[in-house]
Amino acid sequence: MDFSPLFISCKVALMSTAITFFLGLFAAWLVGRAGRAKFFVDAFLSLPLVLPPTVVGFFLLAFFGRNGIAGSVLARFEKNILFTWQGGALAAAAVSFPVMYRTARGAFSQIDSEIINAARTLGLREFYIFFKIMIPLSRHGIAAATVLSFARSLGEFGATIMVAGNIPKKTQTMSVAVYTAMQGGDKALAFRWVLIIFAFSIVTLFFINIVTERASKRSENL
């Protein structure tokens with residue numbers, strides 16, 4: 001059994017999670033300070049959550065294609081992310097971004113506003129408040145959001161296969177391997193990959209439950 005889809009899936013999910021972690025936290029912080037416009041910005045950033053992954057993949061293809069905005073710029077440097085595992089990571093990040101963003105925003109909203117106002121009264125800068133107060137107070141929610149984002153990236157199929165394709169040992173992830181095995185009539189191989197993905201999902205849910213339980217105990221002690 002070739003385990004390359006497992007390693008490729010892990011690379012894609014890790015890179016995707018790293019992207020969504022920083023962008024999701026920053027976006028959650030900015031939208032929380034956006035005033036009246038936050039409802040429109042929030043709806044736009046949450047679009048990948050309701051759009052079919054293939055639609056997200058279509059937009060990414062148009063954006064990173066040779067005639068796309070980013071694709072034409074990359075072509076000048078003889079670079080291309082389509083049909084690479086890095087492209088798959090970007091596709092997974094686009095789909096999993098709302099998970100990180102919305103969960104982090106929910107965690108930030110649970111912070112007592114009096115703490116933030118007191119910090120501002122003391123003359124602390126907004127970036128200092130964000131990094132030294134908001135993130136530490138929301139660490140349990142952020143941890144859960146990170147794990148959820150990783151799990152979502154690990155199981156992504158539609159956008160990934162459109163952007164990265166299905167190249168064995170190069171871009172074929174576990175979810176794509178299941179599809180390929182079924183298309184080839186190898187149900188035994190497909191079942192083995194399903195079991196591996198199922199095991200990853202169980203571990204993910206177990207970790208999220210631990211983080212959630214610790215967060216609830218911490219709230220009870222306050």
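Say we look at the stretch 44-66 and pick out the residues that are part of a helix (DSSP H, G or I) and not hydrophobic (A, V, I, L, M, F, W, C); which of these is most open to solvent (accessible area, probe 1.4 Å)?
Applying the filter and picking the extreme gives THR54.
List the number of the failed condition for ILE69; all other conditions in (1) farther than 20 Å from LEU14 by Cβ; (2) open to solvent by less than 50 Å² (accessible area, probe 1.4 Å) hold.
Single failed check for ILE69: (2).
Here is a list: LYS169, LYS79. Which entry is open to solvent by 70 Å² or more (accessible area, probe 1.4 Å), modelled with pLDDT of 90 or more and not aliphatic (A, V, I, L, M)?
Going through LYS169, LYS79 in turn, the sole match is LYS169.
Go through the residues of the stretch 26-36 one by one and say whether even a single one is over 26 Å from THR204 (Cβ atoms) and not in a helix (DSSP H, G or I).
yes
Which of the residues that make up the stretch 87-116 are open to solvent by 70 Å² or more (accessible area, probe 1.4 Å) and touching a residue at least 12 places away in the same chain (Cβ under 8 Å)?
ARG102, SER109, GLN110, ILE115
Checking ALA145 against (1) surrounded by fewer than 18 Cβ atoms within 10 Å (Cβ to Cβ); (2) within 23 Å of PHE206 (Cβ to Cβ): exactly one of these is not met. Which one?
The single condition ALA145 does not satisfy is (1).
Check off (1) modelled with pLDDT of 90 or more; (2) of a type outside the set (Val, Ile, Thr); (3) not in a loop (DSSP other than H, G, I, E, B) for PHE200 and give me the number that stays unchecked.
Status for PHE200: all satisfied but (1).
Residue pairs, Cβ under 7 Å, 6 or more apart or interchain, first in the stretch 6-27 and over 11 Å from ALA92 (Cβ atoms), second of a type in the set (Ser, Thr, Tyr) and open to solvent by 20 Å² or more (accessible area, probe 1.4 Å). List them.
What qualifies is PHE21/THR146.
Here are SER96, SER72: which of them is farther than 21 Å from SER16 by Cβ, of a type in the set (Ser, Thr, Tyr) and assigned to a helix (DSSP H, G or I)?
Exactly one of SER96, SER72 is farther than 21 Å from SER16 by Cβ, of a type in the set (Ser, Thr, Tyr) and assigned to a helix (DSSP H, G or I), namely SER72.
Of all residues being closer than 23 Å to GLY87 by Cα and in a helix (DSSP H, G or I) in the stretch 173-190, which is most open to solvent (accessible area, probe 1.4 Å)? Just the residue, please.
That would be TYR179.
Would you confirm whether any residue within the stretch 203-222 is surrounded by fewer than 18 Cβ atoms within 10 Å (Cβ to Cβ), modelled with pLDDT under 90 and not in a helix (DSSP H, G or I)?
Scanning the stretch 203-222 turns up at least one residue that is surrounded by fewer than 18 Cβ atoms within 10 Å (Cβ to Cβ), modelled with pLDDT under 90 and not in a helix (DSSP H, G or I).
What is the residue count in the stretch 99-123 for residues that are touching a helix residue (DSSP H, G or I) at 6+ places or on another chain (Cβ under 9 Å), within 14 Å of GLY32 (Cα to Cα) and part of a helix (DSSP H, G or I)?
The number of residues fulfilling the criteria is 10.
Out of all the residues in the stretch 124-142, which are assigned to a loop (DSSP other than H, G, I, E, B) and either surrounded by 13 or more Cβ atoms within 10 Å (Cβ to Cβ) or modelled with pLDDT under 90 (or both)?
Step one: list which residues in the stretch 124-142 are assigned to a loop (DSSP other than H, G, I, E, B), which gives 124-125, 138.
Residues satisfying the conditions are LEU124, SER138.
Assess whether ALA28 counts as being within 16 Å of the chain's Cα centre (by Cα), crowded, with 21+ Cβ neighbours inside 10 Å and under 19 Å from ASN166 (Cα atoms).
Here the answer is no, as ALA28 does not meet what is asked.
Which members of the stretch 130-152 meet the condition of being of a type in the set (A, V, I, L, M) and either free of Cβ contacts under 8 Å to residues at least 40 places away in the same chain or more than 11 Å from THR103 (Cβ to Cβ) (or both)?
Selection gives ILE133, MET134, ILE135, LEU137, ALA151.
The values are calculated or read from the model by the stated rules, or taken from the named source; none is laboratory data. None of the values given here were measured: they were computed from a predicted structure. A quick note on method: Cβ atoms are made from the backbone with ideal geometry, for glycine too, and the neighbour counts reach across all protein chains shown. Keep in mind that these areas ignore ligands, DNA and RNA; they rest on the heavy atoms of the full protein, side chains included. Shrake-Rupley method; radii C 1.70, N 1.55, O 1.52, S 1.80 Å.
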